[in-house]
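> So that we are looking at the same thing, I have put the structure below in structure tokens.
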Amino acid sequence: MKRPFVVTIFAWLVLLLAAWNIFQVWNAFQRYDFMRTLNLTTEANLLIVMGITWAVGFGLAGWGLWRRRSWGRTWMLIAIVVYQAQQWIMRLSLMHSDNEFVRRPADACLALLSIAVVWGFLFIPRIHRLFQA
């Protein structure tokens with residue numbers, strides 16, 4: 001069975017999320033000296049490790065979706081929830097700004113929406129059958 005175009009687009013979006021995490025790692029390396037002068041070495045190291053982890057994780061998920069593997073679908077269902085949870089843990093524990101309380105409800109809605117979109121897409125009956133074959 002040929003891969004539907006929407007699955008191709010979805011796999012590319014997941015691979016773009018992996019690329020975004022690679023960019024975050026590069027950005028953390030670029031600012032590492034500055035963060036060290038502010039005594040934020042632990043946070044910088046955490047950003048680098050988490051960025052590499054999610055780049056690999058979303059890269060694997062995107063590849064699995066691209067190849068129509070059932071593990072790719074399962075991996076993505078788990079990864080989006082864990083990714084959003086990890087983002088919120090980091091946000092609540094490490095990142096504080098003046099407008100955090102104003103942005104928090106909208107960001108929570110976007111996080112839940114991203115989970116709903118991924119889960120909703122991967123549970124469309126036609127898409128779900130595609131990954132069972």
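The values are calculated or read from the model by the stated rules, or taken from the named source; none is laboratory data. No experiment lies behind these values; they were computed from the predicted model shown. Every residue, glycine among them, receives a Cβ derived from its backbone with ideal geometry; neighbour counts consider all protein chains shown.
> Does segment 113-121 contain at least one residue that is over 17 Å from Val6 (Cα atoms) and in a helix (DSSP H, G or I)?
Yes - at least one qualifying residue is present in segment 113-121.
> Report the residue count in segment 1-16 for those that are surrounded by fewer than 16 Cβ atoms within 10 Å (Cβ to Cβ) and touching a residue at least 60 places away in the same chain (Cβ under 8 Å).
Looking only at that region, the number is 4.
> Further question on the same structure: Just for segment 78-110: of the residues that are charged (D, E, K, R) and farther than 20 Å from Ile48 by Cα, which one is modelled with the highest pLDDT?
Asp107
> Which pairs have Cβ atoms under 8 Å, sit 6 or more apart or on different chains, and link a residue in segment 21-40 that is without any contact (Cβ under 8 Å) to a residue 12 or more places away in the chain and among the basic types (Lys, Arg) to one that is in a helix (DSSP H, G or I) and surrounded by 12 or more Cβ atoms within 10 Å (Cβ to Cβ)?
Arg36/Ala44
> Just to be sure before I move on: is Ile52 surrounded by fewer than 17 Cβ atoms within 10 Å (Cβ to Cβ), modelled with pLDDT of 95 or more, touching a helix residue (DSSP H, G or I) at 6+ places or on another chain (Cβ under 7 Å) and not aromatic (Phe, Trp, Tyr) in the structure I sent?
Against the criterion (surrounded by fewer than 17 Cβ atoms within 10 Å (Cβ to Cβ), modelled with pLDDT of 95 or more, touching a helix residue (DSSP H, G or I) at 6+ places or on another chain (Cβ under 7 Å) and not aromatic (Phe, Trp, Tyr)), Ile52 qualifies.
> Right, another one. Do we have Ala19 as surrounded by fewer than 17 Cβ atoms within 10 Å (Cβ to Cβ) and under 30 Å from Leu130 (Cα atoms) here?
Yes: the conditions hold for Ala19.
> Got a sec? Which of Pro105, Pro125 is over 30 Å from Met35 (Cα atoms), surrounded by fewer than 14 Cβ atoms within 10 Å (Cβ to Cβ) and of a type outside the set (A, V, I, L, M, F, W, C)?
Result: Pro125 is the single residue among Pro105, Pro125 that is over 30 Å from Met35 (Cα atoms), surrounded by fewer than 14 Cβ atoms within 10 Å (Cβ to Cβ) and of a type outside the set (A, V, I, L, M, F, W, C).
> What is the one condition in (1) in a helix (DSSP H, G or I); (2) loosely packed, with under 12 Cβ neighbours inside 10 Å that Asp98 does not satisfy?
(1)
> Would you please name the residue that is nearest to the chain's Cα centre (by Cα), looking only at residues in segment 28-84 that are assigned to a helix (DSSP H, G or I) and of a type in the set (D, E, K, R)?
Per the criteria, the residue is Arg73.
> Report every pair of residues separated by at least 6 positions or lying on different chains whose Cβ atoms are under 7 Å apart, first residue within segment 57-76 and crowded, with 17+ Cβ neighbours inside 10 Å, second in a loop (DSSP other than H, G, I, E, B).
Once the first residue is crowded, with 17+ Cβ neighbours inside 10 Å and sits in segment 57-76, its partners that are in a loop (DSSP other than H, G, I, E, B) give Arg68/Arg3.
> Still on this model: What are the residues in segment 1-27 that are of a type in the set (Lys, Arg) and either part of a helix (DSSP H, G or I) or touching a helix residue (DSSP H, G or I) at 6+ places or on another chain (Cβ under 9 Å) (or both), if any?
Arg3
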